[in-house]
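Structure below; questions to follow.
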Ligand SMILES: Cc1cc2nc3c(=O)[nH]c(=O)nc-3n(C[C@H](O)[C@H](O)[C@H](O)COP(=O)(O)OP(=O)(O)OC[C@H]3O[C@@H](n4cnc5c(N)ncnc54)[C@H](O)[C@@H]3O)c2cc1C
């Protein structure tokens, strides 16, 4: 073990892995400390990656050279393009992976890239909050580092619930990071509580799949990764079943035993991903809910019941499961449960994912108040890249919400937080016709290049994609059909890759996926341009930094309430200030006047010094 590391990453979940890899790509020495080495990369809940908007995040992670896309491709057993009935802008690629192989592939991946792994429990930060010296571990004591990324998922004072059972843990069979949470609270960080839950896992051979609807994998040439690697050739079928009146009655009879309904869980859960008992209460008129029956792996002995998350007592869960068509004799291998955990309030985090009160501590994943593997991985990549940049004394990276879903997510969580675990939806992005899964490489190329985030091989590949897209655009701009420029011609609704290559010889040999992506740019160009114009004024506000303001309390140009709010929230830019509830246009004007006055005072005093 080294005496001091450039970057220490705490947590081996989806966030921690991307953080460690991003810091390594920056040339940093990195140690990843995780409570259990063999659970690194584990999918705590469902064995799936991607989905609507989430799938685009995975593509963005790949464009910035993270590992999630490659590993999802390499371990995929089932594929569906969600939202296919809608426009390609909101298509959501989703794969089901072999959960065990996914984790082991991620473990090999980080090992092969020189990330040192230390199995230990981190019990606190070491040194002053403003600039920590490293972390304290239960076994090894102090581990020194120039920057730290906390990516501890659902583990901060994690508490698990099922009926009247209650026990400590970040997830089943794992520790609860109580001491680390205590240290964080002692350092006066504002933390709050969220909760989430998971369904039971069913013994596969006890389910009569002949009674279930079959959902086969789509045939596709889609890869999450832009790299042309081998796709896993194994495939599984999934199934669909439905809850019924009996399932509902069992849930209703046992509602008083639900830890959530009985008020034993205080944390807020995700409304978009409710437990079955939540559904019964909120949608009493709906008898039948769809349940996806998903194998946990190719050879796995278990099915995952997507849509039947529950923290009711074991007996109630057993009865509910057995009430489903095909599940009359089903045996439960692991019962569902809920987890309640602490996370950092959004006011503690800046847009580089650094804790505002510290120079060198970053946070990523579920402890930022998000939920989901893809969200965690996207945040991990940015936090790790920035921890690496701090260690190397470089300017931080921040992503714009106009250019990536990861940027939208960071902007949302650091400027207004969320009152439930934050999950990405396409509706959160005002520029969603531009933020598509097909063009993530081109959207993020300049950022990746400027901040030196990609390996040489990745850069070479994406540079090739950029050149091919430029070549195609040049042809579209300069060739005509019946006197109409191809770029205009291809905006017609019936236009497709197949048709366009019949009218231009120069396009025949184009890379098909890139041609399709450029055609979509053209098709949506009217909307995208209108949207960009609409956002122009906002972008201007984004350029006005508020970082130089030491205290808002003395700014006479803004009202007293705004001073208090801004002092508490400390937005980075005027655009952020605009979105804080309670900040009025007059306050923004006041801030502009104040900044103008302050800058002219500086200029005058500098002129005086010369
Ligand atoms: C029961 C349950 C149900 C869930 N349900 C859903 C769902 O329905 N939908 C959804 O999108 N997401 C769900 N999730 C959340 C999903 O698992 C997370 O969003 C995702 O895994 C977060 O990734 P992460 O990297 O932030 O943290 P995790 O994947 O939780 O990883 C945290 C890592 O930190 C390590 N760690 C924690 N504390 C310490 C410490 N003090 N010292 C050393 N190592 C430490 C752990 O060992 C682990 O490796 C659920 C999670 C759980 C546990």
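The values are calculated or read from the model by the stated rules, or taken from the named source; none is laboratory data. Model, not experiment: these values are computed from the prediction. Note that each Cβ is placed from the backbone with ideal geometry, even for glycine, and that neighbours are counted across all protein chains shown.
Kindly indicate which of 572, 542, 561 is modelled with pLDDT under 90, surrounded by 12 or more Cβ atoms within 10 Å (Cβ to Cβ), farther than 30 Å from residue 475 by Cα and more than 29 Å from the chain's Cα centre (by Cα). First the steps, then the outcome.
Details: 572 fails: more than 29 Å from the chain's Cα centre (by Cα); 542 fails: more than 29 Å from the chain's Cα centre (by Cα).
The unique qualifying residue is 561.
When you go through 92, 12 one by one, which is the residue that is buried (at least 24 other Cβ atoms within 10 Å of the Cβ), assigned by TED's automatic domain parsing to the domain that holds residue 152 and within 20 Å of the chain's Cα centre (by Cα)?
Working: 92 fails: buried (at least 24 other Cβ atoms within 10 Å of the Cβ).
After applying the criteria, what remains is 12.
Just name the residue that is surrounded by the most Cβ atoms within 10 Å (Cβ to Cβ) out of those in the range 192-225 that are touching a helix residue (DSSP H, G or I) at 6+ places or on another chain (Cβ under 6 Å) and closer than 30 Å to residue 369 by Cβ.
The extreme case among them is 224.
Let me ask another. Given the residues 298, 304, 341, 337, which is the only one that is under 24 Å from the mean Cα position of the chain (by Cα) and under 17 Å from residue 239 (Cβ atoms)? First the steps, then the outcome.
Values: 298 fails: under 24 Å from the mean Cα position of the chain (by Cα); 341 fails: under 17 Å from residue 239 (Cβ atoms); 337 fails: under 17 Å from residue 239 (Cβ atoms).
From the options 298, 304, 341, 337, the qualifying one is 304.
Being away from the ligand (no atom under 14 Å from the Cβ) and under 19 Å from residue 22 (Cβ atoms) is the filter here, so list the residues in the range 90-115 that pass it.
Residues satisfying the conditions are 105, 108, 109, 111, 112, 113, 114.
From the residues in the range 402-428 that are surrounded by fewer than 22 Cβ atoms within 10 Å (Cβ to Cβ) and closer than 30 Å to residue 221 by Cα, which one is farthest from the ligand (Cβ to nearest atom)?
402
I've got another one for you. Checking the conditions here, which among 231, 184, 240, 250 is within 30 Å of residue 358 (Cα to Cα) and either in the same structural domain as residue 58 (by TED's automatic domain parsing) or touching a residue at least 60 places away in the same chain (Cβ under 8 Å) (or both)?
Details: 231 fails: within 30 Å of residue 358 (Cα to Cα); 240 fails: within 30 Å of residue 358 (Cα to Cα); 250 fails: within 30 Å of residue 358 (Cα to Cα).
Of 231, 184, 240, 250, the one residue that is within 30 Å of residue 358 (Cα to Cα) and either in the same structural domain as residue 58 (by TED's automatic domain parsing) or touching a residue at least 60 places away in the same chain (Cβ under 8 Å) (or both) is 184.
For the range 51-61, check the following and say yes or no: at least one residue is assigned to a strand (DSSP E or B) and surrounded by 24 or more Cβ atoms within 10 Å (Cβ to Cβ).
no
Quick one: how many residues across the range 173-201 are part of a loop (DSSP other than H, G, I, E, B), more than 10 Å from the ligand (Cβ to nearest atom) and under 13 Å from residue 340 (Cα atoms)? Walk me through it before giving the result.
Step one: of the range 173-201, the residues part of a loop (DSSP other than H, G, I, E, B) are 173-176, 187-190.
After this cut, where a residue has to be more than 10 Å from the ligand (Cβ to nearest atom) as well, the list is 173, 187-190.
Among the residues that remain, those that are also under 13 Å from residue 340 (Cα atoms) are: none.
So the answer is 0.
Looking only at residues that are more than 25 Å from the chain's Cα centre (by Cα) and assigned to a strand (DSSP E or B) in the range 136-155, which one is farthest from the ligand (Cβ to nearest atom)? Can you show your working first?
The first filter runs over the range 136-155 and keeps only residues more than 25 Å from the chain's Cα centre (by Cα), leaving 136-146.
From what's left, assigned to a strand (DSSP E or B): 136-137, 141-146.
Working: 136: 10, 137: 8, 141: 14, 142: 14, 143: 11, 144: 16, 145: 14, 146: 19 Å.
Of everything passing the filter in the range 136-155, 146 is farthest from the ligand (Cβ to nearest atom).
Out of 433, 397, which single residue is more than 16 Å from the ligand (Cβ to nearest atom) and more than 27 Å from residue 188 (Cα to Cα)?
Values: 397 fails: more than 27 Å from residue 188 (Cα to Cα).
It is 433.
Taking the range 399-410 as the search range and keeping residues that are touching a residue at least 60 places away in the same chain (Cβ under 8 Å) and assigned to a loop (DSSP other than H, G, I, E, B), which one is nearest to residue 426 (Cα to Cα)?
First, the residues of the range 399-410 that are touching a residue at least 60 places away in the same chain (Cβ under 8 Å): 400, 402, 404-406, 409.
Next, from what is left, pick out any that are assigned to a loop (DSSP other than H, G, I, E, B): 400, 402, 404.
Numbers: 400: 16, 402: 13, 404: 11 Å.
Only one residue tops the list, namely 404.
Of the residues 399, 435, which single one is under 22 Å from residue 55 (Cβ atoms), surrounded by 23 or more Cβ atoms within 10 Å (Cβ to Cβ) and outside the structural domain of residue 180 (by TED's automatic domain parsing)? Step through it out loud before you land on a result.
Numbers: 399 fails: outside the structural domain of residue 180 (by TED's automatic domain parsing).
Exactly one residue qualifies, and that residue is 435.
Residue 257 versus (1) modelled with pLDDT of 95 or more; (2) surrounded by 15 or more Cβ atoms within 10 Å (Cβ to Cβ): which is the lone unmet condition?
All conditions pass for residue 257, except number (1).
Tally the residues that are touching a helix residue (DSSP H, G or I) at 6+ places or on another chain (Cβ under 8 Å) and farther than 14 Å from residue 592 by Cβ, restricting the search to the range 557-570. Steps first, answer last, please.
Quick first cut of the range 557-570, residues touching a helix residue (DSSP H, G or I) at 6+ places or on another chain (Cβ under 8 Å) only: 557-559, 562, 566, 568-570.
Now drop any that are not farther than 14 Å from residue 592 by Cβ, which leaves 559, 568-570.
Total meeting the criteria: 4.
Sort out for me the helices (runs of 4 or more DSSP H) sitting completely within the range 480-547 that have 3 or more residues that are within 30 Å of residue 594 (Cα to Cα) and touching a residue at least 40 places away in the same chain (Cβ under 8 Å).
Values: elements: 486-489, 497-503, 512-523, 525-543.
Answer list for the range 480-547: 525-543.
From (1) surrounded by 22 or more Cβ atoms within 10 Å (Cβ to Cβ); (2) touching a helix residue (DSSP H, G or I) at 6+ places or on another chain (Cβ under 6 Å), pick out the condition that doesn't hold for residue 347.
Of everything listed in (1) surrounded by 22 or more Cβ atoms within 10 Å (Cβ to Cβ); (2) touching a helix residue (DSSP H, G or I) at 6+ places or on another chain (Cβ under 6 Å), residue 347 misses just condition (1).
One line per residue, one yes/no per condition, for (1) away from the ligand (no atom under 13 Å from the Cβ); (2) farther than 20 Å from residue 366 by Cα; (3) crowded, with 21+ Cβ neighbours inside 10 Å; (4) modelled with pLDDT under 95:
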{"site": "19", "(1), (2), (3), (4)": "no, no, yes, no"}
{"site": "23", "(1), (2), (3), (4)": "yes, no, yes, no"}
{"site": "32", "(1), (2), (3), (4)": "no, no, yes, no"}
{"site": "36", "(1), (2), (3), (4)": "no, no, no, no"}
{"site": "40", "(1), (2), (3), (4)": "no, no, yes, no"}
{"site": "88", "(1), (2), (3), (4)": "yes, yes, no, yes"}
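Out of all the residues in the range 586-609, is one or more at pLDDT below 80, under 34 Å from the mean Cα position of the chain (by Cα) and assigned to a helix (DSSP H, G or I)?
The first filter runs over the range 586-609 and keeps only residues at pLDDT below 80, leaving 599-609.
Then keep just the ones that are under 34 Å from the mean Cα position of the chain (by Cα); that gives none.
No, that holds for no residue.
Being farther than 21 Å from residue 441 by Cα, touching a residue at least 40 places away in the same chain (Cβ under 8 Å), touching a strand residue (DSSP E or B) at 6+ places or on another chain (Cβ under 9 Å) and within 14 Å of the ligand (Cβ to nearest atom) is the requirement here; does residue 54 meet it?
Numbers: farther than 21 Å from residue 441 by Cα: no; touching a residue at least 40 places away in the same chain (Cβ under 8 Å): yes; touching a strand residue (DSSP E or B) at 6+ places or on another chain (Cβ under 9 Å): yes; within 14 Å of the ligand (Cβ to nearest atom): yes.
So residue 54 fails the test.
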